[in-house]
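The next block holds one structure in the form of structure tokens; read it before the comments.
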Amino acid sequence: MKILYIICSSALFVGADVRAEAVIADVFARQATSLNGKWNYIVDPYDTGYFDYRRKPFDEDGKVTGGYALDRQARNKGDLIEYNFNTSPTLNVPGDWNSQSDKLFYYEGSVWYRRKFDAPKSAPEHRQFIYFGAANYEADVYLNGKKLGQHIGGFTPFAYEITKLAKDKGNSLVLRVNNNRHADAVPTVNTDWWNYGGITRDVLLVETPASFIANFRARLKPGTSNIIEATVQLDGANRGQAVKIDFPSLNLAAETASDQDGIARFELSRPGLALWSPENPALNEVVISSGDDSLKDRVGFRSVATSGQDILLNGKKVFLRGICIHEEVATEGRRAWSETDARMLLSQAKELGCNFVRLAHYPHNEHMARVADEMGILCWEEIPVYWTIQWTNPVTLANAKKQLSDLIGRDQNRASVIAWSVANETPVSEARTRFLKSLVDEARGLDGTRLVSAAMEVRSGTMENRPGTKPENHKVVDDPFGEFTDLCSFNQYIGWYDGLLEKIDQTTWSIKYKKPVFISEFGADAKQGMHADAQTRFSEEYQAELYRRTLPMLDQIPGFSGCTPWILFDFRSPRRVLPGIQDGWNIKGVIGHNGEKKRAFDVLKNFYATKAAAK
Ligand code: GCB
């Protein structure tokens, strides 16, 4: 199968063991061969595959001397080779391993994958890259017995140039994917979602001319409504190479020459430019060409900003009618990865009346933002700086920064994406605020045109003297990190983790920041099909009643600019063990993991219909 993609090539380093990566960015444009399909695999809980039969580590000093990466078979009856990919079982790639084999359901550790492929080039001077949408959590990649590199981080793309190593026929691509949780990792050891392992996103073989368009960014020039600014990054080009940008449907084109860094910059004015919005998700074809290379994508132009306590989209106040989403197909109990999965998830959000989704708690696959672009759904994208992280560990910070910059690099041309979230529910401390501030700076440095946020927490108590209010009913938002974000955004679980339903009606608020107030989570567990009175926890009625009381309570908060209740679908979580009720699922979905809607779905839908009508 041929797929169109674009390559962005840049050297990125994290920690000592990660080598140069060529990152394939977010832009459809380039011819690629899919390497999706059935890959042979070996489960390796003891990491035996790192060693040859004499127990010598195979990649001492980066030199492969033995082990599974060599992908050998016995050549004669005396040969001692104790593995064989050819006769090993297969897993579907993309796909998590947990849902594909009962034996791997709870597995955390190493799995070795092997895929054979041919790679004939269409011209001798062409270059070749191998691209992975993501592998969770850590991947060592080998081609024809040579190590290409190691990627850390389970939700971001990575790529390696293989021009010198690839053969026309019979290449062996081997990956050791390991999903062990680590205290210094991002996320760390404790989360409330399933630790799906495997090569979870698309794998592509990409061919480019010797000099190619590595990346581009096209967006509305800040402060304008009809000027497009574009930057094109070439790879392998000399200074002065001609670069052309063309928006055929806008009747707009320009040509310029690259500078000494291979960068070409454009500014194009288009009076009457139709701006992208949920009501009119106008996408414009863009064709970029330079030398032998050319690529094609679709981009929308819009602005997003805050003014006082309002969020402005194209200069107009917008209320974010949102919902949180995990990257999971609940009805099949697996990771979501495809365009079809993205359409399914986002269509359900649309049906709920959403104009916004929070893609929690880590970068989702690229199809999500692309489909959101088409469907007119605004997105909040996030990195897995979740609960606790080693705030003072520079390697952990470098890891978080790389995940953030890879995400921004991938989705910078998506009009749907309006907010980068750098964290979720991180307990307040000086070290943590410093860590998060440095992520905010990173996000703003790479992209000053979107909002930067994080899901903060609330605390109980009085910020000022409030006679007559019980301290536990008075909620305070004064997290010092709130200084640095564009939204005052927080999660709250009044009526579920914090008291019962009655408490919702008694809640009062002190919010320190005069910024748009955004509630990034609230919710309650409900087992789909379990009916009782509204006082009975885990019933659909309790959850619906919590929504019925929470929405008007939030609506009273000055500056309330939107919310993303927790969550669209139930999702797998090993923390949720209540027999007969949870059974390994977080059941806060407004849709059950059987695909059936719960009563809260309509409560939220009606609230959003009122909000949409009130515009
Ligand atoms: C939260 C977390 C989310 C959990 C949720 C819950 O605050 O951000 O990841 O799944 O609460 O259900 O407890």
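The values are calculated or read from the model by the stated rules, or taken from the named source; none is laboratory data. Just so you know, these numbers come straight off a predicted model, no measurement behind them. Reconstructed Cβ throughout: ideal geometry from the backbone, glycine too, with neighbour counts over all protein chains shown.
Just to be sure before I move on: is Arg450 basic (Lys, Arg) and free of Cβ contacts under 8 Å to residues at least 40 places away in the same chain in the structure I sent? No: the conditions fail for Arg450.
Being in contact (Cβ under 8 Å) with a residue 40 or more places away in the chain and within 13 Å of the ligand (Cβ to nearest atom) holds for only one residue in Ile557, Ile567, and it is Ile567.
From the residues in the stretch 280-314 that are part of a strand (DSSP E or B) and hydroxyl-bearing (Ser, Thr, Tyr), which one is nearest to Asn251 (Cα to Cα)? Lay out the reasoning, then the answer.
The initial filter retains those residues of the stretch 280-314 that are part of a strand (DSSP E or B), namely 284-290, 293-299, 304-307, 310-313.
Next, from what is left, pick out any that are hydroxyl-bearing (Ser, Thr, Tyr): 289-290, 294, 306-307.
Details: Ser289: 16, Ser290: 19, Ser294: 18, Thr306: 32, Ser307: 33 Å.
Among them, the one singled out is Ser289.
Table: residues versus (1) in the same structural domain as His367 (by TED's automatic domain parsing); (2) crowded, with 17+ Cβ neighbours inside 10 Å; (3) touching a Pro at 6+ places or on another chain (Cβ under 8 Å).
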position	(1), (2), (3)
Lys116	no, no, no
Pro120	no, no, no
Arg127	no, yes, yes
Gly133	no, yes, yes
Tyr137	no, yes, no
Leu148	no, yes, no
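Exactly one residue out of Ser338, Ser421 is small (Gly, Ala, Ser) and more than 16 Å from the ligand (Cβ to nearest atom): that is Ser338.
Filtered by the rule that a residue be within 14 Å of the ligand (Cβ to nearest atom) and of a type in the set (D, E, K, R), the stretch 484-520 gives a lone residue, Asp498.
Take Arg181 and decide whether it is part of a loop (DSSP other than H, G, I, E, B) and either free of Cβ contacts under 8 Å to residues at least 24 places away in the same chain or not assigned by TED's automatic domain parsing to the domain that holds Ser405 (or both). So Arg181 passes the test.
Evaluating Gly523 against the criteria (1) within 16 Å of the ligand (Cβ to nearest atom); (2) out of contact with any Gly (no Cβ under 7 Å at 6 or more places or on another chain); (3) part of a strand (DSSP E or B) leaves one unmet condition, (3).
Screening the stretch 526-554 for residues that are within 16 Å of the ligand (Cβ to nearest atom) and basic (Lys, Arg) and picking the one that is farthest from Ala330 (Cα to Cα) gives Arg537.
The listed residues are Glu472, Glu464, Glu483, Glu521, and the only one of them that is surrounded by fewer than 16 Cβ atoms within 10 Å (Cβ to Cβ), modelled with pLDDT of 95 or more and in the same structural domain as Val590 (by TED's automatic domain parsing) turns out to be Glu483. If only residues of the stretch 578-595 that are of a type in the set (A, V, I, L, M) and in contact with an Asp or Glu (Cβ under 8 Å, 6 or more places away or on another chain) are counted, the one that is nearest to the ligand (Cβ to nearest atom) is Ile587.
Considering only the stretch 459-472, I want to know if a residue exists there that is closer than 26 Å to Arg321 by Cα and among the aliphatic types (A, V, I, L, M). Can you show your working first?
Pass one, the stretch 459-472, residues closer than 26 Å to Arg321 by Cα: 459.
Imposing the further condition that a residue be among the aliphatic types (A, V, I, L, M) reduces the set to none.
No, because not a single residue in the stretch 459-472 is closer than 26 Å to Arg321 by Cα and among the aliphatic types (A, V, I, L, M).
Matching residues to (1) touching a Lys or Arg at 6+ places or on another chain (Cβ under 8 Å); (2) closer than 19 Å to Pro94 by Cα:
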| site | (1), (2) |
| --- | --- |
| Val111 | yes, yes |
| Tyr137 | yes, yes |
| Asn144 | yes, no |
| Thr156 | yes, yes |
| Leu165 | yes, no |
| Ser172 | yes, yes |
| Ala183 | no, no |
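Identification of strands (runs of 3 or more DSSP E) wholly contained in the stretch 414-495 with 1 or more residues that are charged (D, E, K, R) yields 474-477.
Do we find that Lys402 is more than 12 Å from the chain's Cα centre (by Cα), assigned by TED's automatic domain parsing to the domain that holds Glu328 and more than 25 Å from Arg321 (Cα to Cα) in this structure?
Values: more than 12 Å from the chain's Cα centre (by Cα): yes; assigned by TED's automatic domain parsing to the domain that holds Glu328: yes; more than 25 Å from Arg321 (Cα to Cα): yes.
So Lys402 fits the description; yes.
Cβ-Cβ contacts under 8 Å between residues 6 or more apart (or on different chains), taken from a first residue in the stretch 530-547 that is on the phi > 0 side of the Ramachandran plot and assigned to a helix (DSSP H, G or I) to a second residue that is crowded, with 21+ Cβ neighbours inside 10 Å and of a type in the set (Phe, Trp, Tyr), are absent.
Does Ile581 satisfy the condition of being buried (at least 20 other Cβ atoms within 10 Å of the Cβ) and of a type in the set (A, V, I, L, M)? Break it down stepwise before answering.
On the way: buried (at least 20 other Cβ atoms within 10 Å of the Cβ): no; of a type in the set (A, V, I, L, M): yes.
So Ile581 fails the test.
Which one of these is away from the ligand (no atom under 16 Å from the Cβ) and under 20 Å from the mean Cα position of the chain (by Cα): Ala159, Ala183, Ala166, Ala210? Talk me through it step by step, then tell me what you get.
Values: Ala183 fails: under 20 Å from the mean Cα position of the chain (by Cα); Ala166 fails: under 20 Å from the mean Cα position of the chain (by Cα); Ala210 fails: under 20 Å from the mean Cα position of the chain (by Cα).
The conditions single out Ala159.
Just so you know, in the stretch 358-410 the residues that are in a helix (DSSP H, G or I) and acidic (Asp, Glu) include one that is farthest from the ligand (Cβ to nearest atom), and it is Glu374.
Take Ala123 and decide whether it is in contact with a strand residue (DSSP E or B) (Cβ under 6 Å, 6 or more places away or on another chain) and of a type in the set (A, V, I, L, M). Lay out the reasoning, then the answer.
Values: in contact with a strand residue (DSSP E or B) (Cβ under 6 Å, 6 or more places away or on another chain): no; of a type in the set (A, V, I, L, M): yes.
Taking the combined requirement at face value, the residue does not satisfy it.
When the stretch 233-253 is limited to residues that are farther than 16 Å from Leu295 by Cβ and within 33 Å of the chain's Cα centre (by Cα), the one that is surrounded by the fewest Cβ atoms within 10 Å (Cβ to Cβ) turns out to be Ser249.
Take the conditions away from the ligand (no atom under 14 Å from the Cβ), in contact with a Pro (Cβ under 6 Å, 6 or more places away or on another chain), closer than 30 Å to Leu404 by Cα and assigned by TED's automatic domain parsing to the domain that holds Ile591 and apply them to Leu446. Does it pass? Give the steps one after another, and end with the answer.
Numbers: away from the ligand (no atom under 14 Å from the Cβ): yes; in contact with a Pro (Cβ under 6 Å, 6 or more places away or on another chain): no; closer than 30 Å to Leu404 by Cα: yes; assigned by TED's automatic domain parsing to the domain that holds Ile591: yes.
Spelling it out, it is not the case that Leu446 is away from the ligand (no atom under 14 Å from the Cβ), in contact with a Pro (Cβ under 6 Å, 6 or more places away or on another chain), closer than 30 Å to Leu404 by Cα and assigned by TED's automatic domain parsing to the domain that holds Ile591.
Scanning the stretch 315-335 for residues that are in a strand (DSSP E or B) and either touching a Gly at 6+ places or on another chain (Cβ under 6 Å) or away from the ligand (no atom under 14 Å from the Cβ) (or both) turns up Lys316, Lys317, Leu320, Arg321, Gly322, Val329, Arg334, Arg335.
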